[in-house]
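Structure first, commentary second.
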Amino acid sequence: MSAICGVFQRNRQAVDPRLVERMVNVLAHWEPDQTAFHCDQEVGLGHLMLWNTPESFSESQPLRFKQAGLSITAAARIDNRSELFEALSIHREEYSRPDSWLILKAYEKWGDACVDHLLGDFAFSVWDSKRRQLFCARDFLGAKPFYYFESPEVFVFATEIKAILLHPAVAREINEIKVAEYAIGMHEDQESTWYRNIHRLPPATTLRIGAGSSSRNQYWKPEDCQEVRHSSSGDYVEHWKELLSRAVRSRLRSAYPIGAEQSGGLDSNAIIASANMDHADAIAKPPFHTWSWALEQDDPWQKVQGDERADVLAMLHHLRDHNVELKHSFATAIDRNLFTHPSVERLMQWHDGPCTIPNHFVICHVHERANRANVRTLLSGYGGDELASSHAKDALLGLFFSLRWDRLWDTAGQMNRHRGGRRWSHIHHQVGIPIVDWLRGKRRRSLRQLTALSPTTLAKKFGVRATFLKSSGTFDHLQKQIDYPHFWCPDPLRAFHRFIYGGCLFQRQFENKWQSSLLQKIEYRFPLLDRRLVDFCLGIPSFEFIRGGFTRRLMREGTANYIPDCIRLANKRGVAHPDTIRRIRNDGAFLQQKLNMWRQFGVIADMVDLDILEKKLKDIQQTEDSKAVRMPGQSNFCRLVYISLWLEHQKVVQSKL
């Protein structure tokens, strides 16, 4: 894991080395293991190194191939190194070369098409001095961030926006449309950031910049994945298991101890079991660490909602029966409130936008513990729900629309045996109600449905000013955004998968996790979002996700003997973060003080309806516990508070410039 930055003077003026050095220094807030920069006439590249993989200790970036006229700065981890070495005809004695060297070799051979051969998480820029052009690329789901500013005179890029803001050509102007989108809970725009003139390079995209030209190419699209067809349902499960095993093993390459987030569900436990039962030889520095979030055992809030402690303990016991002993601990984070803990201030200081991690009080606690254990790789089951272990909620609907009603009837009967209820009840809830709701305009909260509201109604619903929605152009902007994929199609589940993987859901979560973990020198890795596994799941028939009446079928059948049946076959699980309401209440006095202060800040009062925010706070404080946990609008309340805190922080920063 690394951080990168750079400047390309498209007007052919020489880059000021002091500017590139300042960019590197502002990114060094997480105390990297090594920093360097290199300037060559109109281009300057900077790099900050986190030693993690064995190869990274001998790595030096920016890396230059002088004879080829190529230089690279990369934040990258390549997961198909063996295949690349073979494809590039590289001798075995060179196999200890770092990932940046491998990427540059791939670019030297395949040019822009090098990204078609790379598997892993990466964001990099290659300066091609012979062509006087900069080539930039980002991995297929956007696990590594890449921000940039572009004008006719200059191109500035970095993995954190704060470095780009140092360039004198870049104005520090807040993107009001982005603020409003976040308040409403919309994240459809892949490219915009919290600043008007700074953009993201979308996932699966390359960008080539010259003195007077620029071109972009999207090298991966979910709809282009090839079909996968097997002769039996068991073959799909075996194929899935093989790909999961490869995805996990390729992410165990570390010179430090490895850890994982462990919930009480399928995804994280499948990864932990695979790593320790099948690939223990690849774990260089045992023991394997895991952390789980849970309430204290005698916590009165247990009676209100419960947590996942029992499921986690069942998994640990199961692994012990298979001679696997993890170094596990529960992270209660009992002393951490939602808005007043020092970790919030750190996130506000170093994030390039409002805190968008609702459970940051747990995440930061886990990161701190991992750092103390010298763990630099943290495996996560994030992304499994969306595809690899898909709930397949729209699969029955697909059978209905494709007129396979006999299979629909049989599958509903099988669901009845596995999940209880009646056959007609499953058809009613998963086919009948969605169709009726769609016809009544209630099928998921799509942008189209929201923009059918007036600006005044929309503002009241989400706690932003109607005048702000109009004056900023947000209301008009929302009407142009992507809508939910067409409901009336033969395969709504596949349409949903393609919508998710072609959107920015993963990009947003990756960027949040990347920046928060970077503060503790930790690299997240996501085996269930391995490109090989994603391509497979996007290529198989949708029915395979629900064959036999089991939702998440591939995961359930593929993890037999790896996960205890109380987790593997469960239809319900505990609550991952059950006491958010209590943590909001604990900050009540702080929030009331802030509300009074924010009324004096024009920029906040003009955007956020503080009267609505205050009313939401009172409702949370006065509602009975058992009802409060199910109160709608909790996420919206937190977003409004984080927006206001960030805008206040921006005002303080501006005053110091």
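Basic side chains Lys and Arg get +1 at the Cβ, acidic Asp and Glu get -1 at the Cβ, and with that the dipole of the chain about its Cα centre reaches some 1180 debye.
For the residue pairs LYS285/LYS393; LYS327/LYS521; LYS162/LYS327, the C-alpha atoms sit more than 29 angstrom apart in LYS285/LYS393; LYS162/LYS327. Our summary gives the chain a relative contact order of 16 percent, counting only alpha carbon pairs under 8 angstrom and 6 or more residues apart. Computed extension gain for HIS649 through CYS489, at 0.36 nm per residue and net of the alpha carbon distance, reaches 53.0 nm.
In the context of the full set of protein chains, the chain has a per residue accessible area of 40 Å² (1.4 Å probe). Normalised by 2.2 N^0.38 Å, where N is the number of residues, the C-alpha radius of gyration of region 253-350 stands at 1.27. Looking at the chain, the pairs of alpha carbons with a distance over 37 Å make up 39% of the total. Per the Debye calculation on region 160-220 with a single equal scatterer at every Cα and no solvent contribution, log₁₀ I(q)/I(0) for q = 0.24, 0.29 Å⁻¹ amounts to -1.10, -1.16. Using the Cβ-Cβ distance between PHE65 and CYS566 with R0 set to 56 Å, the FRET efficiency works out to roughly 0.55. If you sort the three axes of the alpha carbon gyration tensor as a ≥ b ≥ c, you get a/c of 1.5 or more for region 1-97 and a/b no higher than b/c, which makes it oblate.
On the beta carbon distance between GLN226 and TRP409, with R0 = 35 Å, the FRET formula returns roughly 0.65. Across region 129-138, rounded Karplus estimates of 3J(HN,Hα) from the backbone phi angles (6.51 cos²θ - 1.76 cosθ + 1.60, θ = phi - 60°) give 5, 6, 8, 6, 9, 10, 10, 10, 8, 9 Hz, Gly and Pro being marked x. Within region 368-408, the percentage of alpha carbon pairs spaced more than 13 angstrom apart rounds to 68%.
Other residues lying with their Cβ under 9 Å from the Cβ of PRO98 contribute a combined charge of -2, Lys and Arg counting +1, Asp and Glu -1.
In the chain, the DSSP-assigned H stretches of four residues or longer account for a calculated mean residue ellipticity at 222 nm of -12000 deg cm²/dmol, using -39500 (n - 2.57) per stretch and the full residue count as denominator. For region 120-177, the fraction of C-alpha pairs more than 14 angstrom apart is 63%.
The gain in end-to-end length when the MET277 to ALA14 segment is fully stretched comes to 89.2 nm, 0.36 nm per residue minus the alpha carbon separation. By accessible area, using a 1.4 Å probe on protein heavy atoms only, the chain has 48% of its surface on carbon and sulfur. In this simple spin-label model, placing a label point 7 Å from the Cα along the Cα-to-Cβ direction at both GLN349 and GLN600 gives a separation of 2.4 nm. Spacing of the modelled spin labels on LYS130 and SER215, each 7 Å from Cα toward Cβ, amounts to 1.7 nm. Semi-axis lengths, largest first, of the ellipsoid equivalent to region 54-104 are 17, 14, 10 Å, with √(5λ) applied to each eigenvalue of the Cα gyration tensor.
Region 67-190 has equivalent-ellipsoid semi-axes of 32, 19, 11 Å, by the square roots of 5 times the alpha carbon gyration tensor eigenvalues, sorted largest first.
Distances between every pair of Cα atoms in region 281-403, grouped in 10 Å steps from 0 to the bin holding the largest one, split as 10, 28, 33, 19, 8, 1 percent.
The values are calculated or read from the model by the stated rules, or taken from the named source; none is laboratory data. Note that this is a predicted model, so its numbers are computed, not measured. Methodologically, a virtual Cβ is constructed for each residue, glycine included, from the backbone with ideal geometry; neighbour enumeration extends over all protein chains shown. Just so you know, the surface numbers come from the protein's heavy atoms only, side chains and all, with ligands and any DNA or RNA stripped out. Shrake-Rupley method; radii C 1.70, N 1.55, O 1.52, S 1.80 Å.
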